[in-house]
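In what follows, a single structure is set out as structure tokens and then discussed.
The values are calculated or read from the model by the stated rules, or taken from the named source; none is laboratory data. The model shown is predicted, which means the values in this text are computed figures rather than measured ones. Every residue, glycine among them, receives a Cβ derived from its backbone with ideal geometry; neighbour counts consider all protein chains shown.
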Amino acid sequence: MHRFTIKKKHGTISLMTKTSALGKKKCVPCHMGLQPLEKKEVDKLLKDLSNEWQTDHLGHLYKVYPFHDFVDAMNFAHEITKIAEQENHHPDLKISYGQCIVEIWTHKINGLSESDFILAAKIDDIMHEQ
């Protein structure tokens, strides 16, 4: 496991996230007829994640993880890759100097499913383990 240095506005901190019951679940494959979550369900599940997770104008789940350099952002993305492969649920990642942006949605339904929140919780758990 790699060690990450997290950058905040006023210095460096050790990032701790609340352990979510979502992180203990497994992502489940989409099946025919699965509908995207309603807004009230999305809002409820967002409360189970760290505060930095948001939904964007497309209804996708996203979070920006700040780092001190490019290498830490890449190492973090590599750890996400391991989880994504285990869960067979793959986020969009944008890596640049000092940050990794994670965007998650269920492509087959063009919306959010519980599996998106499970994956988000598992990604947060990477930071919790540091």
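Structure data summary
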{"item": "Per-region count, the stretch 90-130, residues small (G, A, S) and within 17 Å of E38 (Cα to Cα)", "result": "3"}
{"item": "Yes/no for L37 being surrounded by 12 or more Cβ atoms within 10 Å (Cβ to Cβ), out of contact with any Asp or Glu (no Cβ under 8 Å at 6 or more places or on another chain) and more than 19 Å from L93 (Cα to Cα)", "result": "no"}
{"item": "Output for the stretch 40-60, where each listed residue is under 15 Å from I104 (Cα atoms) and loosely packed, with under 10 Cβ neighbours inside 10 Å", "result": "H57"}
{"item": "Which numbered condition P36 fails, given (1) modelled with pLDDT of 95 or more; (2) assigned to a loop (DSSP other than H, G, I, E, B)", "result": "(1)"}
{"item": "Residue, farthest from K47 (Cα to Cα), within the stretch 71-117, restricted to residues that are touching a Cys at 6+ places or on another chain (Cβ under 9 Å) and charged (D, E, K, R)", "result": "D72"}
{"item": "Output for the stretch 48-74, where each listed residue is among the polar types (S, T, N, Q) and touching a residue at least 60 places away in the same chain (Cβ under 8 Å)", "result": "S50"}
{"item": "K94 in contact with a strand residue (DSSP E or B) (Cβ under 7 Å, 6 or more places away or on another chain) and charged (D, E, K, R)", "result": "yes"}
{"item": "Filter pass, L45 being in contact with a helix residue (DSSP H, G or I) (Cβ under 9 Å, 6 or more places away or on another chain) and in contact (Cβ under 8 Å) with a residue 60 or more places away in the chain", "result": "yes"}
{"item": "Entirely in the stretch 61-113, the strands (runs of 3 or more DSSP E) that have 1 or more residues that are in contact with a Phe, Trp or Tyr (Cβ under 7 Å, 6 or more places away or on another chain) and surrounded by 14 or more Cβ atoms within 10 Å (Cβ to Cβ)", "result": "61-66, 99-104"}
